[in-house]
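This report refers to the structure that appears directly beneath it.
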Amino acid sequence: SEIINTRVGNNPNSIRFNEMLDTEEAYTEDFKNITSEMGRLRRNNITPSDSLFEKFNNLVSNDNHYTPEARQLKENIDNLVLQIQNEWVDTLGTIKSPVALFMFARNMMFAAPSAERTLEVFSREFADTLTDHPYHKYLSALANARTAVPGNKYPDFTAPDLNGNMLTLSELIN
């Protein structure tokens, strides 16, 4: 992450984007008006309306709270981060060790933008390496689950339903 911070932080796109954020130049007038209104209401101990929250969420969820210039800068930064992460994943693919498996698994757990590349490199470089290791089994299950093909194994997991009851996928399928 230090490499990413250095390469991205010193990038002209990042420098300009941060300047725009600092001066609020990155934000659209609609977004500034909505956040100003929400702040005013909260200062007066009034809960903003659902429609105001909905407008806010609609803008933010699609990056429409940014001006076109800021959106382009952010896209350039995101692409640079992905490029750096993919380079890192490719390098890890050359290190056939439990540490590399751990780093691949960690990358998947945090849903990094390079997740697809991680599974590609894992499948190519680790197919017959450290196959009994728990991380290999975890990553194999994820790689197999990328496409729903009859006969492929699925990653079994347990998670709470909407009522807080714990459900296990394999129990639901049986």
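Every read-out reported here was derived from the displayed coordinates using simple, explicitly stated rules and does not represent laboratory data. Because the structure is predicted, anything quoted here is derived from the model rather than measured. Reconstructed Cβ throughout: ideal geometry from the backbone, glycine too, with neighbour counts over all protein chains shown.
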Can you list the residues, at least 5 places off or on another chain, whose amide H is less than 5 Å from the amide H of Y27, using H built in the peptide plane? T67
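Subtracting the Cα-Cα distance from 0.36 nm times the residue separation, let me have the gained length for N163 to D22 in nm, one decimal.
Working: separation 141, 0.36 × 141 = 50.76 nm, distance 4.21 nm.
Extending this stretch completely gives an extra 46.5 nm.
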What angle do you read, to the nearest 10 degrees and between 0 and 90, between the alpha-carbon axis of helix 50-61 and the longest principal axis of the chain? 60 degrees
Tell me the angle of helix 115-125 to the major Cα principal axis of the chain, expressed in degrees between 0 and 90 and rounded to the nearest ten. 20 degrees
Extreme residue, positive dipole direction of the chain, given options N144, M108, L172 (C-beta unit charges): L172
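Under 22 Å between C-alpha atoms is the cut-off here; go through the chain and count lysine pairs that meet it, provided they're at least eight residues apart or on different chains.
On the way: K32/K55; K32/K74; K55/K74; K96/K137; K137/K153.
Final tally of qualifying lysine pairs is 5.
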Dipole of the chain [Lys/Arg +1, Asp/Glu -1 at C-beta], most positive-end residue of V81, F56, S97: S97
Using the alpha-carbon atoms, what tilt in degrees (0 to 90, nearest 10) does helix 12-22 show relative to the longest principal axis of the chain? 50 degrees
Report, in debye and to the nearest 20, how large the dipole of the range 40-103 comes out about its Cα centre when Lys and Arg carry +1 and Asp and Glu carry -1 on their Cβ. 400 debye
Mind checking the full-extension length gain between S51 and N11? Use 0.36 nm per residue of separation minus the Cα-Cα distance, one decimal, nm. 10.6 nm
Convex hull volume of the Cα atoms in the chain, per residue, in Å³? 190 Å³
Explain nothing, just the number: dipole magnitude of the chain about its Cα centre with +1 on each Lys and Arg Cβ and -1 on each Asp and Glu Cβ, in debye rounded to the nearest 20. 260 debye
